[in-house]
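The values are calculated or read from the model by the stated rules, or taken from the named source; none is laboratory data. These numbers were taken from a predicted model, which means no experiment stands behind them. Note: accessible area is taken over every heavy atom of the protein model, side chains too, but ligands, DNA and RNA are not part of it. Shrake-Rupley method; radii C 1.70, N 1.55, O 1.52, S 1.80 Å.
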Amino acid sequence: MHISTPRLQLREFVTDDWSYILSYHSDARYVRFYPQSDCSEAEAREFVQMFVDQQTELPRRKFQLAIALSHGKRVIGNCGIRRNSHHDWDADIGYEIAPQFWGRGYATEAALAMVDFGFRELGLRRISSWCIADNIASSRVLEKVGLRQEGHLRDNEYFKGRWWGTLLYGLLRDEWRGIEGS
């Protein structure tokens with residue numbers, strides 16, 4: 001599977017992508033809103049292998065793609081959509097971008113492509129996501145993509161010695177049509 005956007009290539013992971021993942025999963029800026037504080041080579045390899053293994057599932061329910069700039073091969077992040085395990089009409093999206101590429105709209109561009117794939121190709125009725133409430137950049141991405149905040153869970157995650165709240169987001173196919181004008 002491959003999706004092209006004006007500036008990005010979203011492609012299937014290959015096992016050699018682990019070194020790109022290790023580089024940004026080890027960055028303190030990246031792990032700020034995650035329970036882990038660092039990443040080992042073995043963990044990066046396992047992370048990528050999980051996505052490679054998902055490519056062979058039948059029927060395929062998870063589509064996690066590596067993000068590369070259109071003019072290069074270096075992986076700068078990933079973006080995915082995962083069908084709900086109980087029904088086929090609902091899925092959630094997630095994304096991550098290496099910190100040195102933050103602030104350039106790449107997460108929004110990739111997430112828009114994945115939402116479009118979910119509604120057009122997978123025939124989804126609803127797409128949801130969540131983020132740590134303090135992660136303002138991630139909540140902005142979700143809102144730019146068209147997801148609406150549906151809830152705020154207060155102090156429901158505990159890591160790094162403190163409690164964190166999460167924001168819940170959702171988008172219905174009919175709302176997406178309104179956004180894209182089709």
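Results, tabulated for the structure shown:
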| read-out | value |
| --- | --- |
| Span from the segment 104-136 Cα centroid across to the segment 1-55 one, whole angstrom | 17 Å |
| Distribution of pairwise C-alpha distances over segment 61-140, 5 Å bins, in % | 3, 15, 26, 23, 17, 11, 4, 1 |
| Mean separation of Cα contacts under 8 Å, 6 or more apart, over the residue count of the chain: relative contact order % | 17 percent |
| Scattering curve values for the chain, log₁₀ I(q)/I(0), Debye with Cα scatterers, q = 0.19 Å⁻¹ | -1.48 |
| Antiparallel bridges, percent of DSSP beta bridges restricted to the chain (to nearest 5) | 90 percent |
| For the chain, accessible area per residue (1.4 Å probe, heavy atoms of protein chains only), Å² | 53 Å² |
